[in-house]
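Here the structure comes first, spelled out in structure tokens, and everything after it is commentary.
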Amino acid sequence: MQQKIVITGGPGTGKSTVINELIARNFLCMPEISRQVTLNARKKGIDQLFLTKPLLFSELLLEGRINQYIEAEKKNTDLVFFDRGVPDVHAYMNYISIDYPKTYITKSNLYRYDTIFLMPPWEEIYISDDERYENFEQALAIHNHLERTYKKLKYPIIEVPTGTVQERTDFILSHLNK
């Protein structure tokens, strides 16, 4: 039976760096898709889709994350890691206080994961860039919304301590081998 593992957390917490390390160690990983959604919108002349049309942005993310989940199930592997999960979509909607369809919760319950690793805010490594517009305080608030959302969906959460990329990756893998 395939284990589906989510690595989540606020922006700039090192999620994608750990995902890249897992890829380097030959694990199947499904990448974060929000940057691609943002870049696709820019090609169509919308600078920050999440800020200008948050519901459309979230619909595209939800669809993309569900497609990743379905695609992962077709892979012949024991473990698959996701850079964010389906529930992240409505956690962000809660963060910006936008109403969203109840189907977001339904889909979060339908597409369930086995393990959730939460990367805590870490100011020393936080960097903003063209796709990451949040400041550190906003990243902290997003972290809190993510934690609440996953807990509300009855997920036990494992918080990943700060450390080197190798230490954080080893921490995740050691928890999966217990």
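The values are calculated or read from the model by the stated rules, or taken from the named source; none is laboratory data. These figures come from a predicted structure and were not determined experimentally. Don't worry about glycine lacking a Cβ; one is built from the backbone with ideal geometry, like all the others, and counts go over all protein chains shown.
Some observations on this one:
- Pair list, Cβ under 9 Å, 6 or more apart: the stretch 142-160 residue closer than 13 Å to P87 by Cα, other residue of a type in the set (V, I, T) and in a loop (DSSP other than H, G, I, E, B): H143/T13
- Only one of the listed residues (S108, S97) is of a type in the set (G, A, S) and surrounded by fewer than 19 Cβ atoms within 10 Å (Cβ to Cβ). That residue is S97.
- Filtered residues of the stretch 1-42 (kept if crowded, with 18+ Cβ neighbours inside 10 Å, of a type in the set (K, R) and farther than 17 Å from H143 by Cβ): K4
- Flag set for G45, criterion: surrounded by fewer than 20 Cβ atoms within 10 Å (Cβ to Cβ), at pLDDT below 75 and of a type in the set (G, A, S).
- The stretch 1-14: number of residues that are within 14 Å of Y92 (Cβ to Cβ) and not in a loop (DSSP other than H, G, I, E, B): 2
- I5 passes every criterion in (1) over 15 Å from I172 (Cβ atoms); (2) among the aliphatic types (A, V, I, L, M); (3) within 16 Å of the chain's Cα centre (by Cα) apart from (1).
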